[in-house]
Amino acid sequence: MGVLPVEQRKVLTTRLEELRTKALENPEEFWDEHARALEWFRIWDKVLDDSQKPFYRWFVGGKINASYNALDRHVRTWRKNKVALVWEGEDGEVRKYTYRDLYVEVNRVAALLKNFGVKPGDRIALYLPMIPELPIFMLAAARIGAVHTVVFSGFSSDSLARRINDSRAKLLVTADGGFRRGKVVPLKEIADKALEQTFSVENVIVVKRAGVNVNMVEGRDFWFHTLMEGISRSAYVEPEKLDANHPLFILYTSGTTGAPKGIYHSTGGYLVWVYWTLKWAFNPNDEDVWWCTADIGWITGHSYVVYGPLMHGLTTVMYEGAPDYPAPDRTWSIIEKHGVTAFYTSPTAIRMFMRYGNHWVEMHDLSSLRILGSVGEPINPEAWEWYFKVVGKGKCPIIDTWWQTETGGFMIAPTAGIDLVPLKPGSCTLPLPGVDAEVLTEDGAVAPPNTQGYLVVRKPWPGMLLGVWGDPNRYIETYWSRLPGFYYPGDYAMRDEDGYFWVLGRADEVLKVAAHRIGTMELESALVSHPAVAEAAVVGKPDPIKGEVPVAFVVLREGFTPSVKLEEELMNLVSETIGPIAKPANIFFVRKLPKTRSGKIMRSVIRAIVKGEQNLGDVTTIEDPSAIEELKMIVGNSRSQ
Ligand code: PRX
């Protein structure tokens, strides 16, 4: 299913091959050349320092600043008056910022942060809705060398508190509230609850967005607009000349334990990676209006709403609300209204739009689109075809990008910016230059074609995480121990006879729910914190729209009985502990969980039952087979209801 004539494809494929070979065979030379696409205050002494494996460090000795590369270098050119950011509120309000406007605001906010005593290396937490102040604060933090940690505004007070405590953020920026489906999410109120459990935050800056009443603590909390009145529009803050390995941000993500991991990224290597991956995959140009629909609270938003598009001098679109509010054509109306040329979203969103029906898409003129993208979870061929035909009218390639919070940017994706290999619906195609990906069997051998195995990356790449904040052992254990010597992302994949990669889903206890990453252990620990719950097991159940959804099996303590009320209480508990996105689709009360004789919960058996599979795998070590019968019956009954 190529979208280029075969002749052209062949010629261009040679270019891809050349770049890939050069990047893998001579990475130091390759990256030495490529990193110069950005502006450095000082060139590195060493491209890659691998003396402390697996703590690889790129561009050692180099000095750089993210805000400078995103803004300053454009304001010196004709792009000064180009629109950098188009923001649309859920209520329809539109705000546009030129590169000059953003530069002015970022400098003012950087001055403000300095007034609060924020210094290079200090952490600041940003708990904001999708409003322009979010990227402005990120860039301002980056300008002065403060490390931002953005907390998705759908997370609960507990989740926020955990992230603040782990990063020891000294400043919190939030809003009075954010809009979602016309309702106000009371962010300041949630933040206040979080602050009861934190010790590091000295001040809170509150952006007025929803116009709701909030409690302001004298001496601690300040309105953003009032503070800004005191800062001149000509404020200039010299961008800090930061070490290439100075952390740009921490972003928490779910893993296989109850505690989220603080993934932290460098400044230099991360920026180089984001810059080149965006260029290779989507081939951006100055006429593009780029819209990545991800919330900035996730890595996709960091890399491809903020840093990537701005480094390229693009116009980036940011939308505040729900993609189908107030009507299922909201997304298409935004594309039409702003003339979006490149649109990047998740398979969950695509499946949802597909279900609403073609007429919502066809109501709008989408002829501005030239390229489409997909991210966050495997895209099923049916959704791919629909996206290609109905949204892209058969003329826009679909760039299915496989990557993770940890990788900083795309790893495996079609490369419209180099050449475009023929696309196959459901495959993210081939690794980008510099990515040495492979699929291995359990014992570390290369898996034969069309055989499921573990996806690994053999060599370091500039965008890789620096580590897990405050926990170097967890970094080594999680990513470098499963198959020693290889980076292990935690995904199953296979390669077909053409070498194309097909990512098949998570190989660990992490779910992808509507493209969001949720650890089953986090859910389980939330559930067992309820006094009625003795044990809990959470697994993923396939879902036609969200990809998968969590289902929970709960064993109650003596003296408690299952009830609708208790089910509601548990649902609310998950919502309060993690956030509404983590709510299980079902909570099943059971007498027992299937366990091995040594007491380990047999999750693979539970998963197989939930999926309705006949073959439950090896059940010979089970302690009590009646647990399986009970689960089968309960799950079976729920299906027939
Ligand atoms: O399982 C893979 C899946 O999302 C995981 C990473 O999640 P997160 O760190 O939240 O980042 C999401 C956005 C990059 C991966 O380990 N995943 C991501 N993209 C794809 C994917 N699975 C299949 N195809 C993709 N294109």
Sorted from largest down, what three extents in whole angstroms do the Cα atoms of the range 465-581 have along their principal axes? 56, 38, 23
Measuring from a point 7 Å past the Cα of A585 along Cα-to-C-beta, which residues in the range 544-571 have an amide N at less than 12 Å? 544-552
Within the range 170-199, trypsin sites (Lys or Arg not before Pro) in DSSP loop having at most 12 other beta-carbon neighbours inside 10 Å: R181
Please arrange I64, I399 by counting, for each residue, the other beta carbons lying within 10 Å of its beta carbon, fewest first. I399, I64
Under 14 Å from the Cα of K541, which aspartates and glutamates turn up, not counting those fewer than eight places away in the same chain? E509, E613
Could you tell me which of rounded, prolate or oblate describes the range 1-136, using a ≥ b ≥ c as the square roots of the eigenvalues of the alpha-carbon gyration tensor, with rounded for a/c under 1.5 and, failing that, prolate when a/b is larger than b/c and oblate otherwise? oblate
Share of Cα-Cα pairs in the range 288-329 beyond 12 Å, whole percent, is 58 percent
In whole angstrom, note down how far apart the Cα centers of the range 238-269 and the range 420-479 are. 20 Å
For the range 510-640, alpha-carbon Rg and Dmax in angstrom: 14.1, 39
Put +1 on the Cβ of every Lys and Arg and -1 on every Asp and Glu Cβ in the range 510-640; which of S626, G612, L573 then has its Cα farthest towards the positive end of the dipole? G612
Work out, in µm²/s and without decimals, the Stokes-Einstein translational diffusion coefficient of the range 232-282 at 25 °C, 0.890 mPa s, Rh from Kirkwood over C-alpha pairs. 179 µm²/s
Cut-off under 24 Å on the C-alpha distance; same-chain residues fewer than 8 positions from K188 excluded. Which lysines are left, in chain and number order? K114, K170, K208, K583
Longest site-free stretch - the chain; sites: GluC sites (Glu not before Pro), DSSP loop, at most 10 other Cβ within 10 Å: 219-441
Modelled label-to-label distance, M216 and Y356, 7 Å Cα→beta-carbon offset: nm? 3.8 nm
Extension reserve of the R603-D324 stretch, reckoned as 0.36 nm per residue once the Cα distance is removed: 96.9 nm
Just to compare against my own numbers: the Cα pair-distance distribution for the range 82-239, 10 Å bins, whole % per bin, please. 11, 41, 37, 10, 0
Name the helices (complete DSSP H segments) of the chain with a Cα length along the long axis of 18 Å or more and a Kyte-Doolittle mean of at least -1.0, or state none. 6-25, 99-115, 268-282, 564-577, 626-640
Here the relative contact order (percent) of the range 510-640, from C-alpha pairs under 8 Å and at least 6 apart, is 21 percent
Rounded to the nearest 5, the percent of antiparallel DSSP beta bridges in the chain equals 55 percent
Say R0 is 51 Å: what FRET efficiency, to the nearest 0.05, do N615 and R76 get from their beta-carbon distance? 0.20
Residues E385 and K241, FRET efficiency given R0 of 41 Å [Cβ-Cβ distance, rounded to 0.05]: 0.25
Compute the Rg/Rh shape ratio of the range 188-300: radius of gyration over Kirkwood radius, all on alpha-carbon atoms. 1.02
Hits among lysines - C-alpha to C-alpha of K82 under 22 Å, sequence gap 8 or more where chains match: K96, K279, K337
How many Å³ per residue does the convex hull of the Cα positions in the chain occupy? 161 Å³
Of the trypsin sites (Lys or Arg not before Pro) in the range 60-149, which ones lie in a loop per DSSP and count no more than 14 other C-beta atoms within 10 Å? R76
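Quick one: compute the contact order of the chain, relative version, from alpha carbon pairs under 8 angstrom and 6+ residues apart, as a percent.
Averaging sequence separation for qualifying contacts and normalising by length gives 13 percent for the chain.
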Counting only C-alpha contacts under 8 Å and six or more residues apart, can you give the relative contact order of the range 333-435 as a whole percent? 23 percent
Mind checking the full-extension length gain between K183 and M633? Use 0.36 nm per residue of separation minus the Cα-Cα distance, one decimal, nm. 158.0 nm
Per DSSP H run of n ≥ 4, the term is -39500 (n - 2.57); total these for the chain, divide by its residue number, and report the mean residue ellipticity at 222 nm rounded to 500 deg cm²/dmol. -8500 deg cm²/dmol
When C396, C428, C292 are ranked with the fewest other C-beta atoms within 10 Å first, the list becomes C396, C292, C428
Quote to one decimal, in nm, the extra length available between T596 and E558 on full extension: 0.36 nm per residue of separation minus the C-alpha distance between them. 11.5 nm
Quote the charge dipole size of the chain about the Cα centre in Debye, to the nearest 20; the model charges only the Cβ of Lys and Arg (+1) and of Asp and Glu (-1). 720 debye
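No value in this document is a laboratory result; all are computed from the given coordinates. Worth saying up front: this structure is predicted, and the values here are computed from it rather than measured. Cβ coordinates were reconstructed from backbone atoms using ideal geometry, including for glycine residues, and neighbour counts include every protein chain displayed.
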